[in-house]
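S.K.: Before I ask anything, let me first share the structure, which is written out below as structure tokens.
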Amino acid sequence: MNAKEQLDKVLDNIEKVMIGKREVAELSLAALLAGGHVLLEDVPGVGKTMMVRALAKSVSAKFKRIQFTPDLLPSDVLGVSIYNPRDMEFHFRPGPIMGNIVLADEINRTSPKTQSALLEGMEESSVTVDGETMAIPKPFFVMATQNPIEYEGTYPLPEAQLDRFLIKLKMGYPTREEEMEVLKRSGQSVSIESLASVISLEELLEIQELVKRVKVEETIRSYIVDLALHTREDPYVYLGVSPRGSIALMKAAQAYALLTGRDFVKPDDVQYLAKFVFRHRVILRPEARYDGITADEIIERILTKTRIPVKRLAGR
Amino acid sequence: MNSIRKHKGFMFLLYTLVFLLLVEWLAPIATLTATGYRSVFLIFIAGSLLMAFFRVPWWISGTAKAVYVLWALLFIFSENPLLSRESFGFLGTNIELSLAALFSQQWTEVTDLFRTGLFFALLWMAVYLLHYWISFRLSIFVFYLFTVVFVAVLDTFSPYSGDAAIIRIMVIGLMLAGLLHLARWLENHRIPIQQEAVVGWLLPLFLMVGTSAAAALLLPKADAIWPDPVPYFTSYAEGGSMAPGKPPVGKIGYDQDDSQLGGSFIGDDTVVFRAEAGSGQYWKIESKDIYTSKGWELSDIAAEPLLYGDQEEIVFDIEPGNEEEETAFIAMGDERFPFVLYPYGTKSFSMEEPAEYRYNPADQRIGTYRAGSTFEPYMYEISYSEPSYSLKALRATSLEDLSMDALPEGYDRYLQLPETLPQRVRDLAIGITADEESLYEKAQAIERYFASGEFTYSQTNVPVPGEGQDYVDQFLFETKIGYCDNFSTSMVVMLRSIGIPARWVKGFAEGEEIGSVDDRELFEVTNNNAHSWVEAYMPGVGWVMFEPTIGFSGSANIDFDLDLDTEEDSEEAAADRPDKPDQNEPADRDEEEGGIGFGERFSRFLEQFQGMLLLGTAVFAAGMAMLYLLRRKWLPRVLIPYYRLRRGDESFERAYLHLLRQLGRYGIERKEGETLSSYAKYIDHFFGTRDMTKLTAAYEQAVYGGIPNSEEWRNLRESWENLISRTSG
């Protein structure tokens, strides 16, 4: 059984409980495979939790969930050392971050202090509590959700923190038909608990290794760099995509290529993913907002004007 | 599928047009090779095309054609009926003889019958080829092009005149091309045809071709920008003095046909002859008497030629002078004429082998004969004594002397003028000569008139008179630019219009003095020296030559026997003495002595044809640019066979990139940010194929995946060829 078949099974499994969100599932899975994290921005009630749980279940991963509130402390995320009077020692009680797949719900509701505790863990794949560093078990995948930032009582994530997410997704409401189907299934449907796991964690780790070996041809790399450069040159953009963003796009494209059954990246992969990888990495000037231009639109425009290099054969 | 090829009427039209095109091929062949029995060949072509049209099985049509060929051969070459012992014997002998001749390479020994048979075979193949082009390829352009080139070349280089043929060919060809384009278009787009629609499609085509042809015929046409290139090519090819050749057909040089004067010409310094003479002479060949308003012709009078032998004194209508006799010696170049050239005052001719000289009083030409048939003499000696005219006698001439009974018999033809001659020519002549008393002075006045500064000597930019236009009138009043023919003809016409008998004389001017032999001067006379001048009849004196062409100084020898009444007269007369030419014709000036090396010839060629060369280069560059711009049309035809021979992965990648560029040229270019796959989808949607997606997947696999799979190219090639050939349409 090759990677593509395994991954298709995972997606099919998620689809049993999630209706009509194959694309989001695919992208999330791609982020998982690339070793990145996902920022999911959407209103409550569209099935974010359901999807992450289904994903965790399918890959036999340990699922953890943190509901962020304004009064949540970093220790509530990372874990805390508690004095045990019996052996007269401090024992570390790992927080919810110590899982394979972590759903960080409404991350922008909590204080920046707590936010950064999570984000640091995401970046380092380890946590430091009381001077002691502990590795987070692999695979480690955080899916953070946030309400659209215009909402009341939120602490918007700073740019540097946003950069830590591989992709940013929007779930979106289901279509009318899909919602009808949701209602129909809600009564008798397969519950999330009964969902069987499809692949083991070991298999998942193997696939993650495969992703790193997906071939990225030189012209593709130059295309990615061109795209990143163009975001930095756009007049509406205050801060363009960082080199970390270019790396992210390449990694995501590798994972996505494997997901679609290829062992090499095509420009189409890059084009498809650019929006998801770049949209939270460009900071727009105020003029953009006045003109009603969104980051997605700018990326779209860059994509249409950046020439996709066709390999020249002269040197061969 | 309801293909256009199945449409009988349409296809019949095509075959008819092809037949007409073939007829245009046959016409010049029949004319030039004096092949009779044209209808026999036409029937063969028509029959073959008909059988091809009705798709008669090959064994029936083949037999029918073979039988017809046999019959035709027997019909043309013998009286024998088709199926008889004699006829088979006849054919057998012919073929035997011809094959033997062929094997021994005695090409001329091949019998006419055999040649005709081969010609039939050629026609057979031609018909087959055309049938193939029409029915399968739906394309005729190559054949059409060859037809035009063929007729144009024959028209230029042979006596065949393709004036009407080229118009017919254009019309036929445009129709054929249009119809076939329509057919191809319908096929490519798989458009089913309906009976009524065919007429609807054809009508605009016929209207277009009809109107454009009619407009082209009716509209006025500019003269050719380039003069007839043939004389130049022949003279250049012949070089200094190598190959023997016939007199070139062209504007410059001696040419018998003067019925259509005018038009520019290019210089030609081919040496016609060298003459040793005491002084420069005008070398007369003949004169002409009928002016047709376009040119000159000879009247059809039954003048008995007078025969003379070697050294026998010839009686001309111009008497030789009384001075001591001189001899001139002429050695011809590569061009030979069946007549002799002679100076004024000629008495007799002689050459190494005795010959016969036939003097024709009608045009004063002296044909040379030996043993009853004409021949072209190479060297001959002329004894002559320059005639001299008494000025007194000339001044005594008056119009009264020219009353009809005083005029020698038959001289009224030298007063002929076309009825269409515009009155203003006459008025001009009368105006110029009104103040003069004697006929001689009147003639001189006309001769002088051309030197008044109003007229320009030029060999180029000289028009041919249009329809209804008089050659002389055009020159005198409109263009005022021309060469000897314009000046001399105008003078003759003006002389005649005031009643002085005059004739138009042709020959060569004195040429260039290139040295001396003994005590005689040696002149080299080239085609550039071909000349025409005037002889006027002075009653009581005889024929006197005049030179109206500016830049030429030949004139009659005048004996100043007058009591000097005015100074002016003598001065004027002195200036008239035959002298060295003040000025030779322009092309003559750079003439050099002796042989000319290749380098010299080449640089002269460059100099003379700088414009043409530039134009040629420009045309070539334009041609290359056209080729480049039209590469979309022809490139696939080159690429397909090229890549058929290629193997390996790299060639696929190259082929794919070629396809991308070709698609771009076709007009569906990949957009800036468009990936190959989405572009491929668009292309496939556009053409209704799946080939591009297939090719692109393989290309991406090879390039991005780095997985070369050379075996696949064989499977992909069909898709690639399919796409790239679509783009050339």
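The values are calculated or read from the model by the stated rules, or taken from the named source; none is laboratory data. Small disclaimer: the values here were computed from a predicted structure and weren't measured. Counting neighbours? That spans all protein chains shown, and the Cβs are built from the backbone with ideal geometry, glycine included. Calculation scope for accessible area: heavy atoms of the full protein, side chains included, ligands and nucleic acids excluded. Shrake-Rupley method; radii C 1.70, N 1.55, O 1.52, S 1.80 Å.
S.K.: At a 1.4 Å probe radius, carbon and sulfur cover how many percent of the accessible area of segment B:4-218?
M.R.: Carbon plus sulfur share of accessible area: 72 percent.
S.K.: Helix B:163-188 versus the longest principal axis of chain B: what is the Cα-based angle in degrees, 0 to 90, to the nearest 10?
M.R.: 10 degrees
S.K.: Under the 0.36 nm per residue contour assumption, what length would be gained going from the current alpha-carbon distance of B:ALA697 and B:PHE75 to full extension?
M.R.: Stretched fully, the B:ALA697-B:PHE75 segment lengthens by 217.0 nm.
S.K.: Given a Förster distance of 41 angstrom, what is the FRET efficiency for B:GLN608 paired with B:ASN322, based on the Cβ-Cβ distance and rounded to 0.05?
M.R.: So, using R0 = 41 Å, E works out to roughly 0.35.
S.K.: Place a label point 7 angstrom from the Cα of B:ILE29 along the Cα-to-Cβ direction, then list the residues of segment B:119-149 whose backbone nitrogen is under 14 Å away.
M.R.: Flagged as within label range: B:119-130, B:147.
S.K.: Once R0 is set to 45 Å, what does the formula 1/(1 + (r/R0)^6) return for the Cβ-Cβ distance between B:ASP300 and B:VAL517, expressed as a FRET efficiency to the nearest 0.05?
M.R.: With a Förster radius of 45 Å, E is 0.60.
S.K.: How much of the DSSP bridge set in segment A:3-205 is antiparallel, in percent, rounded to the nearest 5?
M.R.: The answer is about 40 percent antiparallel.
S.K.: Work out from phi, with θ = phi - 60° and the Karplus expression 6.51 cos²θ - 1.76 cosθ + 1.60, the ³J(HN,Hα) of each residue of segment A:12-25, listed in order in whole Hz, and give x for Gly and Pro.
M.R.: Calculated HN-Hα couplings, in order: 4, 5, 5, 5, 4, 9, 10, 9, x, 10, 4, 5, 5, 4 Hz.
S.K.: For the ranges B:423-429, B:677-683, what's the packing order if you count other beta-carbon atoms within 10 Å of each residue, average per peptide, and put the highest first?
M.R.: My ranking of the peptides, most packed first, is B:677-683, B:423-429.
S.K.: For chain B, calculate the relative contact order in percent as a whole number, restricting contacts to Cα pairs under 8 Å that are 6 or more residues apart.
M.R.: The normalised contact order for chain B reaches 10 percent.
S.K.: A further question follows. In degrees from 0 to 90, rounded to the nearest 10, what is the angle of the helix B:631-644 Cα long axis to the longest principal axis of chain B?
M.R.: 60 degrees
S.K.: Given the DSSP H assignment, sum -39500 (n - 2.57) over each helix run of at least 4 residues in the protein assembly as shown and divide by its residue total; what's the result at 222 nm in deg cm²/dmol, nearest 500?
M.R.: Rounded to the nearest 500, the figure is -14500 deg cm²/dmol.
S.K.: Within straight cross-link reach of B:LYS442, meaning Cα distance under 18 Å, which lysines are found once same-chain residues fewer than 8 apart are removed?
M.R.: Straight-distance partners of B:LYS442: B:LYS392.
S.K.: Now for a separate question. Points 7 angstrom from Cα along the Cβ direction at B:VAL153 and B:LEU129: gap in nanometres?
M.R.: 1.2 nm
S.K.: Here is a further query. So what are the ³J(HN,Hα) numbers for segment A:134-142, from phi and the Karplus equation (6.51, -1.76, 1.60; θ = phi - 60°), rounded to whole Hz, Gly and Pro as x?
M.R.: Each residue's phi maps through the Karplus curve to give 10, 6, 7, x, 9, x, 10, 9, 10 Hz.
S.K.: Now a separate question. With a sphere of radius 13 Å drawn around the Cβ of A:SER186, what net charge do the other residues whose Cβ falls strictly inside it have (Lys, Arg +1; Asp, Glu -1)?
M.R.: The answer is -1.
S.K.: To continue, here is another question. Note down the relative contact order for segment A:213-305 as a percent, whole number, built from C-alpha pairs under 8 angstrom at least six residues apart.
M.R.: After rounding, I find 34 percent.
S.K.: OK, next. Quote the FRET efficiency, to the nearest 0.05, computed for B:ALA100 versus B:VAL67 with a Förster distance R0 of 25 Å and r equal to the Cβ-Cβ distance.
M.R.: Efficiency computed from Cβ-Cβ geometry: 0.45.
S.K.: Below 10 angstrom from the Cβ of A:LYS266, what's the summed charge of the other residues (Lys, Arg +1; Asp, Glu -1)?
M.R.: Here the charged neighbours net out to -3.
S.K.: If you add up the charges near A:SER111, with Lys and Arg at +1 and Asp and Glu at -1, over every other residue whose beta carbon is less than 14 angstrom from its beta carbon, what do you get?
M.R.: Counting the neighbours of A:SER111, the net charge comes to -1.
S.K.: Report the B-A buried area as the accessible area lost on both sides summed, probe 1.4 Å, in Å² to the nearest 100.
M.R.: Using a 1.4 Å probe on protein heavy atoms, the buried area is about 1800 Å².
S.K.: Follow-up. What residues have an amide H closer than 5 Å to that of A:VAL129, excluding those fewer than 5 places away on the same chain, when H is modeled at 1.01 Å from N in the peptide plane?
M.R.: Close amide H contacts, sequence-distant or interchain: A:MET134.
S.K.: Okay, moving on. Which far-off residues, 5 or more places away or on another chain, put their amide H under 5 Å from the one on B:MET538, with H placed in the peptide plane?
M.R.: B:TRP543, B:VAL544
S.K.: In whole percent, how big is the carbon plus sulfur part of the accessible area of segment A:3-205, probe 1.4 Å, protein atoms only?
M.R.: For segment A:3-205, the apolar C and S fraction of the accessible surface comes to 52 percent.
S.K.: PRE reach from B:ALA164 (point 7 Å along Cα→Cβ): which of segment B:196-214 fall under 17 Å by backbone N?
M.R.: Counting only backbone N, you get B:214.
S.K.: Let me confirm one metric for peptide B:675-688, namely the mean number of other chain beta-carbon atoms within 10 Å of its residues' beta-carbons.
M.R.: 2
S.K.: Could you tell me how many degrees, from 0 to 90 and to the nearest 10, lie between the Cα long axis of helix B:38-53 and the main elongation axis, the longest principal axis, of the Cα atoms of chain B?
M.R.: Computed tilt is about 20 degrees.
S.K.: Something else about it: What is the spin-label model distance, in nm, from B:LEU145 to A:ARG65 if the labels are put 7 Å beyond Cα along the C-beta direction?
M.R.: Between B:LEU145 and A:ARG65, the label points sit 7.8 nm apart.
S.K.: Moving to a separate point now. What is the ratio of the Cα radius of gyration of chain A to 2.2 N^0.38 Å, where N is its residue count, to two decimals?
M.R.: Normalised Cα radius of gyration, chain A: 1.04.
S.K.: Tell me which residues come under 5 Å, amide H to amide H, from B:ASN557 once H is placed; ignore anything under 5 positions away on its chain.
M.R.: Here the answer is B:TYR389, since their amide H atoms fall under 5 Å of that of B:ASN557.
S.K.: Here is a follow-up. List the residues of segment A:265-308 that lose 50 Å² or more of accessible area once all protein chains are present, compared with their chain alone (1.4 Å probe, heavy atoms only, no ligands or nucleic acids).
M.R.: Residues passing the criterion (a loss of at least 50 Å², heavy atoms only) are A:ASP268, A:ARG307, A:ILE308.
S.K.: Here's a follow-up. Excluding residues fewer than 8 places away in the same chain, name every one of the aspartates and glutamates whose C-alpha is closer than 14 Å to that of B:LYS284.
M.R.: Correct list for B:LYS284: B:ASP255, B:ASP317, B:ASP363, B:GLU386, B:GLU510, B:GLU535, B:GLU547.
S.K.: State, as an integer percentage, the relative contact order of segment B:630-726 based on alpha-carbon contacts under 8 Å between residues 6 or more apart.
M.R.: So the answer I get is 37 percent.
S.K.: Using θ = phi - 60° and the Karplus relation 6.51 cos²θ - 1.76 cosθ + 1.60, list the HN-Hα couplings for segment A:277-286 in order, rounded to whole Hz, with x at every Gly or Pro.
M.R.: Going residue by residue, I get 7, 8, 4, 9, 9, 9, 9, 8, 6, x Hz, with x marking Gly and Pro.
S.K.: Could you pull out every one of the lysines with an alpha carbon less than 22 Å from that of A:LYS212, ignoring same-chain neighbours closer than 8 positions?
M.R.: Hits, sequence-local ones excluded: A:LYS4, A:LYS9, A:LYS138, A:LYS168, A:LYS251, A:LYS266, A:LYS275.
S.K.: Loop-only chymotrypsin sites (Phe, Trp or Tyr not before Pro) in segment B:321-359, please: DSSP not H, G, I, E or B, and at most 11 other Cβ atoms within 10 Å.
M.R.: none
S.K.: Ranked highest first by average number of other Cβ atoms within 10 Å, how do A:257-269, A:164-176 line up?
M.R.: Going by the mean number of other Cβ atoms within 10 Å, highest first, we get A:257-269, A:164-176.
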